[in-house]
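First the structure, in the form of structure tokens, and then the observations on it.
Where a number appears in this text, it was derived from the coordinates with a stated rule and is not lab data. These numbers were taken from a predicted model, which means no experiment stands behind them. When we count neighbours, we look across all protein chains shown, and the Cβ atoms used for this are built from the backbone with ideal geometry, even at glycine.
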């Protein structure tokens, strides 16, 4: 296979360059401990990023993921820790809430005919307020040793410094990559985002496809928050307020298009790892993490330029990408 | 060339009338198309050509009249009904997704699958082969791979892909609404070629086109409409393009 036939080449090149810079700046960058930290952040950006990527391929946005990311673990923690519910019941309730929020986003977008950017901006603000008022702004902490928490993120793989939470990212990524590339539903998702009218004319149930993608992005956002709760033992109503835009960065750096119809799961995973590398790299290089957002801004532009240049070069060379 | 009328009748309309409120769009239309026949539908703007095609493909239900498809009386309540009996419409916007590959477009909504439920995966290799084979048959010989996106195709090639797709999925009647309106002469040739191939494999084809020279070149029969009525139906071999132009312009000189 030709090098330029790799759709994720752009993010791969960006990642290697950023990795090289940090490895040069800090001797600790290329250690197991650093890898553990990189992967832990990659999970936070990646799981929610996967859902947003699929939704963006279907031609829609979800800005409410940040609010769902803080609200759903808050609801789970509140029911379980504060009100003594069974942990699975609390988890189930939090996920049903995520599904309901996704359903509202999807139906409102389709029925009202308002762009999902606006709809989910509105729901994002609403649910952020609910999340804050749930405990009056205070976090909920868990100090026990429930196996559920260790499976969500406290446990480490073997004797490595790598949290089990990476398995969630890998698992979701494999399932979604298979669905997108190897099933009819995946074909419909690309078609719905590429040209919804044409897809409908060919009998694709575009509305159902899009609502399904809204449900997915909402549930994955909730799970990201719940995995964070599992990893750190506390749920905070204000956490992850910038996650909605970071998730879009993941999708775009991974090769997705804001216009819909394009995007890659592998690319999103790599983009999440590059973000994790940047976060860890900044810390290890002695730069304050308060500079992280600025760095993400730089990274976004850098990766998009590389993506465009490489795609142009590949087209000039007449390389065919398998689809 | 064989007489078109000696061929098996595919689709026949008798006394079909369609009103929009007080406006009569088409009135008492008699129309037929046979297997292996290309019929051109011409007439001035507002003559009722598009309405007639939309009655044939189930987009509209006529207020009066009888339609017979392959000998059976039919009533369509949606384009889906028409498609299920084998009437395929190639729309002006073609219903193609530019960013998707040719084979994914070719099978969009009708994907071939392998494996048992719930693990039904795309039969990619078969779909690639079938797509390539059908596009080659349509005269698209310069294509390298069915994995290339549709947006590398020219306008004429996209028409050919849409026609190939309609033919492959059991269409026995193709309806083309202004297939060449935005195309260069060279691209128009590609569409003509695709239409001839579809016709030679036994399909009936109905084409709406404003370019009378083009219609005269590729159609076996030309039906002229005016103010919602069919005013004439001529065999191509009996008339020149100029005759047809005169008929459309209302100079009934034949």
Worksheet item: Of A:41, A:264, A:150, how do they rank once you tally other Cβ atoms within 10 Å and put the fewest first?
Response: A:150, A:41, A:264
Item to complete: Would you mind giving the mean number of other chain beta-carbons within 10 Å of the Cβ of each residue in A:180-192, as a whole number?
Response: 5
Worksheet item: Looking only at B:156, B:170, B:36, which one moves most when chain B is put into a Gaussian network model with springs between Cα atoms under 10 Å?
Response: B:170
Fill in: Pairwise FRET efficiency - residue A:313 versus residue B:217, Cβ, R0 = 45 Å, nearest 0.05
0.60
Fill in: For peptides A:65-75, A:236-246, sequence by mean Cβ density within 10 Å, most packed first
A:65-75, A:236-246
Item to complete: Neighbouring Cβ atoms within 10 Å as the yardstick, rank B:69, A:232 fewest first.
Response: A:232, B:69
Item to complete: Note the angle between two axes, namely the Cα long axis of helix B:124-137 and the longest principal axis of the Cα atoms of chain B, as a number of degrees from 0 to 90, rounded to the nearest 10.
Response: 40
Response to the item:
With -39,500 (n - 2.57) per DSSP H segment of 4 or more residues and division by the full residue count of the protein assembly as shown, the 222 nm estimate, nearest 500 deg cm²/dmol, is -17000 deg cm²/dmol
Worksheet item: How big is the gap, in Å, between the Cα center of the range A:292-311 and the Cα center of the range B:109-124?
Response: 37
Worksheet item: Over what distance in Å are the Cα centres of the range B:11-27 and the range B:155-178 separated?
Response: 26
Response to the item:
Per-residue average of other protein chain Cβ atoms inside 10 Å, peptide B:108-115 -> 5
Item to complete: Would you mind putting A:24-34, B:56-66 in packing order, based on average other-beta-carbon counts within 10 Å, highest first?
Response: B:56-66, A:24-34
Practice prompt. With r as the distance between the Cβ atoms of residue A:197 and residue A:150 and R0 = 51 Å, compute the FRET efficiency 1/(1 + (r/R0)^6) and round to 0.05.
Written response: 0.55
Item to complete: Fewest Cβ neighbours within 10 Å first, please rank A:93, B:119 accordingly.
Response: B:119, A:93
Discussion item. Taking 8 Å as the Cα distance limit and 6 or more residues as the minimum spacing, I'd like the relative contact order of the range A:7-316 as a percentage.
Written reply: 38
Worksheet item: Which angle from 0 to 90°, rounded to the nearest 10, does the C-alpha axis of helix B:185-200 make with the longest principal axis of chain B?
Response: 90
Worksheet item: Whole-Å semi-axes of chain A's equivalent ellipsoid, largest first, each the root of 5 times a Cα gyration tensor eigenvalue?
Response: 30, 27, 17
Response to the item:
chain A, Gaussian network, Cα under 10 Å: of A:300, A:284, A:223, the residue fluctuating most is A:284
Discussion item. Using only the alpha-carbon atoms, how far is helix B:155-168 inclined from the longest principal axis of chain B? Give it as 0 to 90 degrees, nearest 10.
Written reply: 80
Fill in: DSSP-defined antiparallel bridges as percent of all bridges, the protein assembly as shown, nearest 5
60
Discussion item. How many angstrom lie between the Cα centre of the range A:186-236 and the Cα centre of the range A:27-84?
Written reply: 15
Fill in: Extended-chain gain in nm, criterion 0.36 nm per residue less alpha-carbon gap, residue A:287 and residue A:3
98.8 nm
Fill in: residue A:111 versus residue A:83: modelled label distance in nm, points set 7 Å from Cα along the beta carbon direction
2.6
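Need one value for A:270-281: mean number of C-beta atoms belonging to other chains within 10 Å of its residues' C-beta atoms. Before the final figure, lay out each step's value.
Values: counts 0, 0, 0, 0, 0, 0, 0, 0, 0, 0, 0, 0.
What the average comes to for A:270-281 is 0.
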Worksheet item: Which of B:235, B:125, B:75 moves most in a GNM of chain B, Cα contacts under 10 Å?
Response: B:125
Worksheet item: Could you give the length gained on full extension between residue B:7 and residue B:125, defined as 0.36 nm per residue of separation minus the Cα-Cα distance, in nm?
Response: 38.7 nm
Worksheet item: Taking 0.36 nm per residue of separation and subtracting the Cα-Cα distance, what length does fully extending residue B:144 through residue B:231 add?
Response: 26.6 nm
Item to complete: Could you work out the relative contact order of chain B, using alpha carbon pairs under 8 angstrom and six or more residues apart, expressed as a whole percent?
Response: 26
